[in-house]
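**Q** Dumping the structure here so I can ask a few things about it.
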Amino acid sequence: MSLDQKGFLDQIVKAGICAGCGACVALDSSSESRMLDTKDGSRPEFSELSQFPSYMERVCPGRGINYPELYRWHFGGLPENWLVGQFCKVRTGFSANESTRGIGASGGVLSETLIYLLETGEVDAVILAKQGVPSPEKARAVVATTREEVLAGAQSVYIPVSMLDILRTLESGKRYAITCLPEQSAALRVMQQNGFAPANQIKYVVGPYTGTALCPSAIRCFLRSKRVKDDDEITSLKWRAGDWPGYLEIKTVSGRIIRTPKVYYNFLIPFFVTQTSLQSMDFTNEFADLAVGDAWSPEFEKEGGGHSVVVSRTLAMEQIISEMCDKKLLNLQEESSLKASDMHGHMLDFKKRGGWLRNQWRRKTGRMAPDYGYRPAKVPASRVCVEIIISGIFAVGKTGFARWIVSRIPESVIGPVFNSLRLGWKKASRPTKRKGLQNFEVKIAP
């Protein structure tokens with residue numbers, strides 16, 4: 001590896017802005033690089049023999065991928081809606097297969113689509129993130145070739161998983177679909193743009209809307225709040241077990257079975273949110289062929305069962321989703337992009353305006369931050385004030401002392417209290433965070 005490349009990659013990791021996507025490991029022609037597990041997620045380790053292509057920096061999400069340039073290359077132009085991104089159709093609904101819907105974290109749409117791609121011969125295999133590999137509290141990218149293997153990898157994973165390092169192990173001549181987080185989807189597209197052969201074996205990219213992920217160390221902190229000893233090993237972990245919206249379920253060697261509603265274990269977010277979650281400006285997985293998120297609305301929540309927002313971004317994927325609807329595999333109804341955006345207004349603001357503000361403040365204080373090639377055209381002063389509060393909470397929460405304190409407070413206390421505070425904050429900040437969001441516009445960097 002050249003000194004310039006090594007210096008660039010080392011700077012990204014040392015600055016704490018590595019997304020842990022695994023793209024650099026996949027691109028290392030020496031195959032000497034590898035991804036390591038750390039308390040903050042996967043991180044690359046390089047060798048002096050490592051060699052990277054000249055476009056390495058343009059691939060790295062830690063440096064920042066130029067979204068306008070990538071939009072022009074991949075979609076042929078910029079999106080009309082920078083909140084949802086390029087789309088053919090936006091729908092809401094769920095898998096018509098009740099078993100698939102029940103196993104999935106939301107409506108089972110991603111799992112059903114991956115199964116359809118396999119069983120119709122559109123792809124030879126799919127790559128997905130699976131909790132429990134190589135150990136119950138960890139997760140890895142795995143290759144699935146059957147319905148059963150896809151369903152075994154259903155469910156959300158709320159800790160970061162490097163998905164792109166597996167590209168260097170793909171079988172030549174085979175076609176794949178892959179599930180990616182937003183920054184991973186964008187990095188993969190840049191790899192395809194530059195002709196990286198394994199990346200071009202990926203025929204379809206699907207993935208979830210992604211708001212906040214947790215550092216792996218959050219798991220043990222949560223268990224301490226439940227008075228589980230550190231030497232009581234985890235035997236099973238599911239992030240969204242049971243009926244939608246699900247609950248965190250952890251089983252341990254001692255026989256403990258811990259179940260906590262999703263809205264309660266969210267108290268971990270201010271203390272263990274990943275840096276990638278804070279710096280990313282992409283919530284809706286803008287470079288996936290198919291992007292799917294929870295459909296949050298009073299109507300759907302009352303009905304129960306799990307509903308998804310389903311965004312097809314390419315004509316090929318739109319044809320597949322239409323076929324699945326015609327065959328009664330998916331139960332979907334078309335929605336306006338405005339309604340879909342309103343379901344996630346809080347998180348869209350957190351990413352599009354909050355992410356840009358946080359990255360700007362990092363640069364102004366002499367720290368590295370990714371640059372995505374565009375910025376919000378306008379950020380109200382009131383929104384800047386809200387971000388000062390939000391960023392202040394995260395800054396305090398990630399300190400060792402704050403994490404130690406929260407691990408000593410019983411989850412039965414802090415879970416409900418945090419949920420009440422969260423709902424109160426969302427209600428109080430809603431006018432400010434939604435102000436101007438429906439007419440969100442951007443400025444493209446020169």
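**Q** I'd like to verify a number: residues in segment 48-81 that are polar (S, T, N, Q) and loosely packed, with under 14 Cβ neighbours inside 10 Å, how many?
**A** So the count comes out to 1.
**Q** Can you tell me which residue among SER106, SER99 is more than 25 Å from GLU441 (Cα to Cα), of a type in the set (Gly, Ala, Ser) and crowded, with 18+ Cβ neighbours inside 10 Å?
**A** That would be SER106, the only listed residue that is more than 25 Å from GLU441 (Cα to Cα), of a type in the set (Gly, Ala, Ser) and crowded, with 18+ Cβ neighbours inside 10 Å.
**Q** A follow-up question, please. Out of all the residues in segment 397-418, which are among the hydrophobic types (A, V, I, L, M, F, W, C) and surrounded by 14 or more Cβ atoms within 10 Å (Cβ to Cβ)?
**A** Once the filter is applied, which keeps residues that are among the hydrophobic types (A, V, I, L, M, F, W, C) and surrounded by 14 or more Cβ atoms within 10 Å (Cβ to Cβ), segment 397-418 yields ALA402, VAL406, ILE409, ILE414, PHE418.
**Q** Looking only at segment 148-191, filter to residues that are over 16 Å from the mean Cα position of the chain (by Cα) and acidic (Asp, Glu); which one of those is farthest from LEU114 (Cα to Cα)?
**A** Out of the qualifying residues, it is ASP165.
**Q** Considering each residue of segment 222-238, count those that are surrounded by fewer than 21 Cβ atoms within 10 Å (Cβ to Cβ), of a type outside the set (D, E, K, R) and under 30 Å from VAL25 (Cβ atoms), and give that number.
**A** The qualifying residues number 3.
**Q** Do we have GLY355 as part of a helix (DSSP H, G or I) and at pLDDT 95 or above here?
**A** The answer is yes for GLY355.
**Q** Has segment 275-295 got at least one residue that is free of Cβ contacts under 8 Å to residues at least 60 places away in the same chain and not in a loop (DSSP other than H, G, I, E, B)?
**A** no
**Q** Here's something else I'd like to know. So which of GLN201, GLN275 is of a type outside the set (Ser, Thr, Tyr) and more than 30 Å from ASP124 (Cβ to Cβ)?
**A** So the residue among GLN201, GLN275 that is of a type outside the set (Ser, Thr, Tyr) and more than 30 Å from ASP124 (Cβ to Cβ) is GLN275.
**Q** Within 22 Å of ASP40 (Cα to Cα) and among the basic types (Lys, Arg): is that true of ARG358 in this structure?
**A** Yes.
**Q** Give LEU357, LEU332 a once-over and let me know the one that is in contact with a helix residue (DSSP H, G or I) (Cβ under 7 Å, 6 or more places away or on another chain), crowded, with 19+ Cβ neighbours inside 10 Å and farther than 30 Å from THR120 by Cβ.
**A** Selected residue: LEU357, the only one of LEU357, LEU332 that is in contact with a helix residue (DSSP H, G or I) (Cβ under 7 Å, 6 or more places away or on another chain), crowded, with 19+ Cβ neighbours inside 10 Å and farther than 30 Å from THR120 by Cβ.
**Q** Would you confirm, using the coordinates I've provided, whether ALA340 is part of a helix (DSSP H, G or I), among the aliphatic types (A, V, I, L, M) and at pLDDT 95 or above?
**A** Judged against the criteria, ALA340 is not a match.
**Q** Show me the strands (runs of 3 or more DSSP E) entirely contained within segment 200-261 in which 3 or more residues are farther than 30 Å from SER172 by Cα and among the aliphatic types (A, V, I, L, M).
**A** 234-241
**Q** Now for a separate question. Against the conditions (1) at pLDDT below 95; (2) out of contact with any Cys (no Cβ under 6 Å at 6 or more places or on another chain); (3) surrounded by 12 or more Cβ atoms within 10 Å (Cβ to Cβ), where does PRO376 fall short? Just the number, please.
**A** Result: PRO376 passes all but (1).
**Q** Then there's this: Name the residues in segment 29-43 that are on the phi < 0 side of the Ramachandran plot and either in contact with a helix residue (DSSP H, G or I) (Cβ under 7 Å, 6 or more places away or on another chain) or crowded, with 24+ Cβ neighbours inside 10 Å (or both), would you?
**A** Hits for segment 29-43 are SER33, ARG34, MET35, LYS39, SER42, ARG43.
The values are calculated or read from the model by the stated rules, or taken from the named source; none is laboratory data. Note that the structure is predicted; figures quoted are calculated from it, not measured. Methodologically, a virtual Cβ is constructed for each residue, glycine included, from the backbone with ideal geometry; neighbour enumeration extends over all protein chains shown.
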